[in-house]
Amino acid sequence: MKLIPASILISAALMAVSSPVAFADAALAASNGCTACHQLEKKVIGPAYGQVSACYASKDAKKLAANKAALMKHVVEGGAGVWGAIPMPAHPQLKEGAKNAELGKIIDWVMKDVKATECPKEFKPKA
Ligand code: HEC
């Protein structure tokens, strides 16, 4: 009998634990209207979340936290120029309280759970 490598068992166990959370956060993206302009792998009106994940990935925890804060700010305030000329509308309803916590979960999901694709050439980060 062949033994199944421990790493496969561990990642399967992790997937079983993390996927319900990932589903919940995908549902938050849908209920907040984000999916109208963002898909996981294909750029539609806004960048694909896989691209966002790729462009803002970092091994540095401080940099990751700063990226998360900048992304939340961009979603709340809206604006163009990072991914091209099309602006994202402002989402002032996500600025505070429980709704802001929901936005934080969506951005965490985009940065950690969505599979990173490629960071495109036209990407011009603000800072
Ligand atoms: C009407 C279309 C539209 C909707 C709705 C929308 N976005 Fe966007 N989003 C865009 C566009 C266009 C951009 C690119 C803006 C730019 O180039 O600066 C973008 C950019 C982003 C980025 C990358 C920002 C950066 O600084 O790199 C994130 C993250 C994001 N959106 C998340 C969200 C979330 C979360 C929601 C839902 C609360 C949402 N978007 C709703 C169109 C939209």
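Taken together, the values in this text are just the output of simple stated rules run on the coordinates, not laboratory data. Note that the coordinates shown come from a computational prediction; the quantities given were computed from them, not determined experimentally. Backbone-built Cβ (ideal geometry, glycine too); neighbour counts: all protein chains shown.
Quick notes on this structure:
- Short-range pairs are left out: with C-alpha atoms under 8 Å and at least six residues apart, the relative contact order of region 6-113 is 25 percent.
- Three-way shape call for region 15-118 based on the alpha-carbon gyration tensor, with the a/c threshold at 1.5: rounded
- This ranking places Thr35, Thr117 by how few other beta-carbon atoms lie within 10 Å of each, fewest first, which gives Thr35, Thr117.
- Computed lengthening from His74 to Thr35, 0.36 nm per intervening residue step minus Cα-Cα distance: 12.4 nm
- Qualifying trypsin sites (Lys or Arg not before Pro) in region 25-127, DSSP loop, other Cβ atoms within 10 Å at most 15: Lys42, Lys59, Lys95, Lys115, Lys121, Lys126
- Cα lying deepest toward the dipole's positive end in region 58-127, options Val75, Ala116, Gly97, charges on Cβ: Ala116
- Computed 3J(HN,Hα) for region 67-72, one whole-Hz value per residue from the Karplus formula 6.51 cos²θ - 1.76 cosθ + 1.60 where θ = phi - 60°, is 4, 4, 4, 5, 5, 4, glycine and proline marked x.
- Each of Ile45 and Glu102 was given a label point 7 Å from its Cα along the Cα-to-Cβ line. The distance between the two points is 1.8 nm.
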